[in-house]
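A.B. asks: Mind having a look at this structure? Questions to follow.
The values are calculated or read from the model by the stated rules, or taken from the named source; none is laboratory data. Please read all numbers here as calculations on a predicted model, not as lab measurements. No Cβ is skipped: glycine too gets one built from the backbone with ideal geometry, and neighbour counts run over all protein chains shown.
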Amino acid sequence: MFDYDSYRPAEALIGDSAAIHRTWDQLQKAALTELPVLITGESGTGKELAARLLHSWSARRANHFLRISCPAISHQFFESELCCYDHPSLPREALESKVGRYEWADRGTLFLDEVGELDQSLQGKLLYALQDFQVSGAGERSIDIRLVCATSHDLEAEVAKGRFRIDLFYRINVVRIQMPPLRERITDISILMDHFVRLYSESFHTRYNPLRSSFVKTLESYRWPGNIRELENMAKRYVVLGGEEQVLSAIMQPEELRPLLPEHFDLTTPLRVQTKRATHNLERKIILGVLEAHNWNRRKTARSLDISYRALLYKIKEVGLPPGQSIKTDLSKAVVQSSENEAAPDNPGL
C-alpha cells in the first residue's frame with residue numbers, strides 16, 4: 001500500500017503527440033505552484049507517473065514522495081496508516097526517528113492514489129487529517145506537504161450520487177490535469193512499444209526484434225482499453241514469446257472475448273491453476289455487474305442469474321465479496337483488488 005521508491009522521471013510519459021506535450025506543459029506549470037493537484041484519467045494512463053514527475057519538477061524534489069493507496073485503507077487502521085509511529089512499513093530512517101508517515105513526508109509530496117475509491121465512512125476523517133496536516137503524537141504540530149490526488153472515477157458524478165463528499169472534492173480539486181487515453185495518442189504507440197520492447201529485451205536477456213511497420217499499423221488501429229499498461233503487457237508478450245503472433249492474436253479477438261483473456265502471461269503457474277483463477281475473477285465480475293444492474297437487490301440478482309438465493313449468497317462469499325449491506329460501499333475495493341491480482345507489476349517505463 002505504501003511505496004517509498006521513486007521512478008526515474010526521464011522514463012516517464014514518453015511520446016511526441018500533441019496530447020502528451022500538453023500534459024507535460026500542464027505538469028510543468030503545476031510544479032511551479034504549491035496548489036493541490038487532481039490527476040484524472042482512465043486506468044493505465046500513467047497517473048502515478050505524472051504525480052511523480054510533478055514532484056520531481058517541483059521545489060520539493062529533494063524530499064520524500066509518499067504514495068497512499070486509498071482503496072487499501074481499512075477502517076481499523078486508518079489512524080495508524082496516516083499518523084502512527086513505529087509501523088513496520090515505514091523506512092528505517094523513519095522508524096529510528098519515531099515519526100509517522102505524514103511527518104516522514106514533511107516538505108515533500110503526499111500522493112493519494114485512487115482517491116475516488118476511498119470508503120465513504122473514511123472520507124470525513126481524511127478531510128480532517130488534511131486540514132493543516134496536523135500530526136498527533138507527543139503533541140500536535142503542522143507539517144508542510146504538497147497534496148496530489150489521482151482518480152479514474154468521475155468525481156462530480158460521485159458527488160451528485162452522494163458517494164463522495166463535496167467538501168473533500170473541493171479540497172483536492174484545485175488544479176486538474178486530465179491524462180489522455182492511449183487512443184488519443186496514436187503517434188506515441190510505436191514510440192512506447194519500441195521503448196518497452198527494448199526495455200524487456202534487456203531485462204529478460206533476449207535479442208531485440210525491431211517492430212515492422214505493418215505490425216505498428218495494426219497496433220495503432222487497436223483502441224487499447226487498458227491504455228499504456230495494456231501496451232506494456234503486450235510488449236512483454238512480444239519479447240517473451242518471440243514475436244508478433246501472440247500480440248496480434250490477443251488484440252484481434254472479438255470484443256466480447258477480450259475480458260476472458262489474461263492481461264499477462266504467468267510462466268511459472270500450471271494451466272489448471274491459472275484457469276481456475278481466471279474463472280474465479282470472471283465470476284466475481286459477472287456477479288458484481290448483475291448486482292449493480294439490480295441496484296444491489298440480491299433476490300432479483302439471483303433470479304437473473306437463474307440460481308437460488310442461497311446459492312447467490314454462497315457465491316458472494318466464495319468470490320470474496322462483502323455480505324449484506326456493506327456490498328455497495330465495498331464494490332470498488334473488490335474490483336480494484338481483483339484487478340491488482342490479475343495485472344502485471346507496474347514498471348517505471350509506463
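A.B. asks: Can you tell which of Arg258, Arg298 is at pLDDT below 70 and of a type in the set (Lys, Arg)?
C.D. replies: Values: Arg298 fails: at pLDDT below 70.
It is Arg258.
A.B. asks: Another question about this same structure. Just checking, how many residues over the range 33-74 are under 23 Å from Leu127 (Cβ atoms) and either touching a helix residue (DSSP H, G or I) at 6+ places or on another chain (Cβ under 9 Å) or surrounded by 19 or more Cβ atoms within 10 Å (Cβ to Cβ) (or both)? Let's see the steps before the verdict.
C.D. replies: Within the range 33-74, the subset under 23 Å from Leu127 (Cβ atoms) is 33-40, 47-48, 51, 54-55, 60, 64-74.
If we keep only those that are either touching a helix residue (DSSP H, G or I) at 6+ places or on another chain (Cβ under 9 Å) or surrounded by 19 or more Cβ atoms within 10 Å (Cβ to Cβ) (or both) too, we end up with 36-40, 47-48, 51, 54-55, 60, 64-74.
Residues in the range 33-74 being under 23 Å from Leu127 (Cβ atoms) and either touching a helix residue (DSSP H, G or I) at 6+ places or on another chain (Cβ under 9 Å) or surrounded by 19 or more Cβ atoms within 10 Å (Cβ to Cβ) (or both): 22 in total.
A.B. asks: So, Phe164, is that one assigned to a loop (DSSP other than H, G, I, E, B) and in contact with a Leu (Cβ under 7 Å, 6 or more places away or on another chain) or not? It would help to see each step written out before you state the result.
C.D. replies: Details: assigned to a loop (DSSP other than H, G, I, E, B): yes; in contact with a Leu (Cβ under 7 Å, 6 or more places away or on another chain): yes.
In short, yes.
A.B. asks: Would you please name the residue that is modelled with the highest pLDDT, looking only at residues in the range 192-250 that are out of contact with any Asp or Glu (no Cβ under 7 Å at 6 or more places or on another chain) and on the phi > 0 side of the Ramachandran plot?
C.D. replies: Taking the candidates together, the pick is His205.
A.B. asks: Could you look through the range 129-151, keep only residues that are surrounded by fewer than 19 Cβ atoms within 10 Å (Cβ to Cβ) and in a loop (DSSP other than H, G, I, E, B), and pick out the one that is modelled with the highest pLDDT?
C.D. replies: Of everything passing the filter in the range 129-151, Asp144 is modelled with the highest pLDDT.
A.B. asks: While we're here: Restricting the search to the range 200-221, which residues are in a helix (DSSP H, G or I), touching a helix residue (DSSP H, G or I) at 6+ places or on another chain (Cβ under 8 Å) and either among the aliphatic types (A, V, I, L, M) or over 18 Å from Gly44 (Cα atoms) (or both)?
C.D. replies: The answer is Tyr200, Ser201, Phe215, Val216, Thr218, Leu219.
A.B. asks: Moving to a separate point now. Restricting the first residue to the range 19-35 and requiring it to be in the same structural domain as Ile145 (by TED's automatic domain parsing) and modelled with pLDDT under 95, which pairs with a second residue that is surrounded by fewer than 19 Cβ atoms within 10 Å (Cβ to Cβ) and part of a loop (DSSP other than H, G, I, E, B) meet a Cβ separation below 7 Å and a spacing of at least six or different chains?
C.D. replies: Note: pairs meeting the criteria are Leu35/Val174.
A.B. asks: What pairs come up if the first residue lies in the range 110-128 and is under 16 Å from Glu158 (Cα atoms), the second is modelled with pLDDT under 90 and part of a strand (DSSP E or B), and their beta carbons are under 8 Å apart, counting only those six or more places apart or on different chains?
C.D. replies: What qualifies is Glu114/Ser69.
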